[in-house]
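Each remark here refers to the structure printed beneath this line.
Readers should treat all values here as calculations from the given coordinates under stated rules, not as data from a laboratory. Treat the numbers as computed from the prediction; the structure is a model and nothing was measured. FYI the Cβ positions are ideal-geometry reconstructions off the backbone, even for glycines, and counts take in every protein chain you see.
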Amino acid sequence: MPLWKSARPTRGLAVLLACLASGCAVMTPAEPAAWQDFVAAFTGEPFESLQYPAGTTKVALAADVPSSIEAGNARFARWCAAHSGTSGPVQQLARSSAALANFQEGLAAKSNAEQASGLTFVSVSALACVDKGSDGLIALMVSAPGRRGETEVKDGKVLNVLTRAFFTAEQAARFGSVYQAREAERSRQAAVRLQEREAQKTEAMRRFQSNPRVGERTTIGVIVDVRPPLALVQYDERYRALSNRPPAEWLPIASLSPESR
């Protein structure tokens with residue numbers, strides 16, 4: 001056999017070379033078939049976090065978080081397609097799915113609670129995989145970048161925190177229920193605190209008006225004399241400038257409010 005024949009590339013290799021030369025897309029490796037194996041393929045130790053109850057959370061470090069999220073979302077879309085599903089943002093799919101609407105409400109409650117506690121808003125990427133035939137939820141993946149300052153220096157590079165949370169349909173339902181319950185409790189506690197503050201203000205007002213004293217500050221100035229039912233109030237300069245008032249006036253005690261503290 002001539003040497004040139006033995007050196008000729010195989011048909012498969014020739015097709016690959018021709019494909020690369022023409023710029024056609026190269027097939028990406030298939031994602032693990034089982035959901036637990038797909039989750040295991042992502043970087044990070046799995047655990048159940050307080051922020052993402054019921055699901056499996058993984059925290060990793062990335063130099064470019066947006067690119068990492070985009071790549072992870074592409075992997076999720078491929079896995080979903082392999083399971084005869086359609087993937088898309090939870091917020092959009094929630095319009096036609098009660099299960100996803102429940103999950104979306106949970107995400108909103110989570111964000112509300114975090115901002116109420118003083119944390120900055122974080123825009124998360126939440127993707128769902130739904131069955132093409134029944135629109136039933138198959139799985140969910142949430143990707144969240146870290147907040148400012150949540151970084152780590154490794155080998156001279158500044159890496160940012162990237163949190164991913166994975167949910168089966170059952171876990172997604174549990175997540176939504178947990179956060180809706182938490183939000184209801186948070187709202188209840190906030191209402192109780194508001195009632196307590198209002199009661200304290202009412203009591204402070206009662207004490208003030210029943211026994212106003214010289215030197216006490218009001219919301220508009222300081223009391224310089226008391227002759228019930230009137231009190232002489234020396235106005236604050238700012239209040240005088242805004243209301244065009246004289247330096248001081250006798251006012252009904254019942255119209256005065258103590259300075260808030």
* To do: List the residues whose amide H sits under 5 Å from the amide H of Gly221, counting only those 5 or more places along or on another chain, with H placed 1.01 Å from N in the peptide plane.
  => Asp236
* **Rounded Å value of the spacing that divides the Cα centres of the range 185-246 and the range 113-137** => 45 Å
* Structure fact -> With Rh as the Kirkwood radius over Cα pairs, the range 212-261 has Rg/Rh of 0.94
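Can you sort Asp155, Asp236, Asp225 from fewest to most other Cβ atoms within 10 Å of each residue's own Cβ? List each step's numbers first, then the result.
Values: Asp155 5, Asp236 17, Asp225 12.
Going from sparsest to densest Cβ surroundings: Asp155, Asp225, Asp236.
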* Structure fact -> Long-range amide H partners of Ala231, meaning residues 5 or more apart or on another chain whose placed amide H is closer than 5 Å, are Leu251, Ile253
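What's the Cα-based Rg to Rh of the range 28-180, Rh via Kirkwood? Let's see the in-between values first.
Working: Rg = 15.3 Å, Rh = 15.9 Å.
Checking Rg against Rh, the ratio lands at 0.96.
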* Asked: Normalised by the residues of the chain, what does the relative contact order come to in percent, with Cα pairs under 8 Å and at least six apart?
  -> 15 percent
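Return a whole-number percent for the relative contact order of the range 203-255, with Cα pairs under 8 Å and 6 or more residues apart as the contact set. Working shown, then result.
On the way: 73 pairs, mean separation 14.6, N = 53.
Rounded, it is 28 percent for the range 203-255.
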* Could you give the spread of the C-alpha atoms of the chain along their three principal axes, from largest to smallest, in whole angstroms? => 124, 42, 32
* Asked: Out of residues 5 or more away from Ala139 or on other chains, whose amide H comes under 5 Å of its own, with H placed 1.01 Å from N in the peptide plane?
  -> Cys129
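Lys and Arg at +1, Asp and Glu at -1: add these up for the other residues within a Cβ distance under 15 Å of Ala109 and post the number. Please list the in-between numbers first.
Details: positive: Lys110, Arg174, Arg182, Arg186, Arg188; negative: Glu105, Glu114, Glu183, Glu185.
Net local charge, Ala109 excluded: +1.
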